Each structure stands twice: as structure tokens, then as C-alpha cells.
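Okay, so here's the structure we're looking at.
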Amino acid sequence: DAMVIQNPRYQVTQFGKPVTLSCSQTLNHNVMYWYQQKSSQAPKLLFHYYDKDFNNEADTPDNFQSRRPNTSFCFLDIRSPGLGDAAMYLCATSRDYIMGEQYFGPGTRLTVT
Amino acid sequence: GESVGLHLPTLSVQEGDNSIINCAYSNSASDYFIWYKQESGKGPQFIIDIRSNMDKRQGQRVTVLLNKTVKHLSLQIAATQPGDSAVYFCAEMEYGNKLVFGAGTILRVKS
């Protein structure tokens, strides 16, 4: 059974039109992460939540926001998608910081037209 | 900032042979390392991890070696199978909560 679920798997949005990607987990993990992965590149961390505490990476554009309404769900909001935001967006979870193994979802592939 | 990098972007091996994927890291303070496998269209899948107080760890058909002296990490896959074809990433844990991924190595298994 899937432990980290991402919906939708494929998302098409128009340039400048806000879009929300969703992630849910059944592991009851404290930490949830959002990564951006462009073609043939490594995943790049955008931000993460430890419980309700939000931790942004210094180089994450303001265009990217996140919400975590409860333990199980976390959302990635892109306020005004540009063509350069087309990528695979990966959600991951970990139990905490000490046990560092991160479990990844299947990703959402975002296309911007 | 400091980064994790890989020596070989693509590795081709014959089915049944052993594979070795290498990774160099630069942050001597990193204390936890993970190897992930990513198949096309999927998220990274955990393979094996190692903490800095160890120099070797074995799993099923996989072995990770850590050489802190030269800041080098390797993943050995025994009896490589077609299903092992994927991109392999090493990742370095910095500051207890941030994974920094290496560039990735494509492993191609020839039948």
C-alpha cells in the first residue's frame, strides 16, 4: 500500500495561473518535505515542515508556498507558475530528524503552458 | 555551499556482473548518507544508508562503503539484474535534517 501519496500525478497549468499540488502520508511521520526535480537533475529541497514548524530553504523563490493543515497532509502552492517551474515535484516524509531516512512519493509532473 | 557529487554519469554493465557506483562528498561534518534508486517516472526509493561511525554496511545484494579519509562513498550491487537499471543518487545529511543529493548516475544493465 502506498505510504506517501501525491495527487495529481500529472498537472497542466497555464503560465501565471495558481496551482496546488497535494501530498498525504499514512506513516504518521513528523517531517514532510517538498522537492523540485528538473529533468536529468537531482531533487532540490524547497522547504519542509517539522510538525507545524515551517522551514524554508534560502534559495526557494517566494512564488512557492506550502501549507500543512494536519499531520497527514501537505500542500505545495505555486502562486504564479512560470515556464521554468515545469518539473517533477516530490513529496517525502521522515519520522524525525534523528532517523533520517526519507520516504518519497511518486511525484507530480507539472507542465506549464 | 558544500555539495555531493558523482564521478561517473553513466555506467553500463552486463547482466550478472557486479556494479560499483561512486560518490564524492565535501562536507566532512556530514554524518549520515543514503543511496536512492530512481526509476523513470517514479520517486526515489531508499536502498541503503550508513552513518559516519561505520565504514561498511550490507543489504540484500547491495553494499555501501564509506571512506571518511577521502570523503568517498560507493554503492556495490552484486549480480546486477535488468531491474536494477535506474538512476542512482547518493545523498548526504547535513545539519541533521537536510538531504543534499548528488548529481546521479545512470545504471544501464545489458542482457
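The values are calculated or read from the model by the stated rules, or taken from the named source; none is laboratory data. These figures come from a predicted structure and were not determined experimentally. Cβ placement follows ideal geometry from the backbone for every residue including glycine, while neighbour counts extend to all protein chains displayed.
If you check every pair at least six apart or on different chains, which have Cβ atoms under 9 Å apart with a residue in the stretch B:46-58 that is of a type in the set (Asp, Glu) first and a residue that is modelled with pLDDT of 95 or more second?
From the stretch B:46-58, the pairs are B:Asp49/B:Trp35; B:Asp49/B:Arg57; B:Asp49/B:Val64; B:Asp55/B:Leu65; B:Asp55/B:Leu66; B:Asp55/B:Asn67.
Scan (1) in a strand (DSSP E or B); (2) surrounded by fewer than 17 Cβ atoms within 10 Å (Cβ to Cβ); (3) not aliphatic (A, V, I, L, M) for the single condition A:Gly16 breaks and write down its number.
Only one criterion in (1) in a strand (DSSP E or B); (2) surrounded by fewer than 17 Cβ atoms within 10 Å (Cβ to Cβ); (3) not aliphatic (A, V, I, L, M) is unmet by A:Gly16, namely (1).
If you go through the stretch A:63-104 one residue at a time, how many are without any contact (Cβ under 8 Å) to a residue 12 or more places away in the chain, more than 14 Å from every other protein chain (Cβ to nearest Cβ) and charged (D, E, K, R)?
Qualifying residue count, the stretch A:63-104: 1.
Could you list, in sequence order, all residues of the stretch B:62-111 that are within 16 Å of B:Ser12 (Cβ to Cβ), assigned to a strand (DSSP E or B) and within 14 Å of chain A (Cβ to nearest Cβ)?
Once the filter is applied, which keeps residues that are within 16 Å of B:Ser12 (Cβ to Cβ), assigned to a strand (DSSP E or B) and within 14 Å of chain A (Cβ to nearest Cβ), the stretch B:62-111 yields B:Ala86, B:Val87, B:Tyr88, B:Thr105, B:Ile106.
Could you check the stretch A:13-67 and list, in sequence order, the residues that are touching a Phe, Trp or Tyr at 6+ places or on another chain (Cβ under 6 Å) and among the aliphatic types (A, V, I, L, M)?
A:Leu21, A:Val31, A:Met32, A:Ala42, A:Leu45, A:Leu46
If B:Phe33 satisfies all but one of (1) touching a Ser or Thr at 6+ places or on another chain (Cβ under 9 Å); (2) buried (at least 17 other Cβ atoms within 10 Å of the Cβ); (3) modelled with pLDDT of 95 or more, what's the number of the condition it fails?
Unmet condition: (3).
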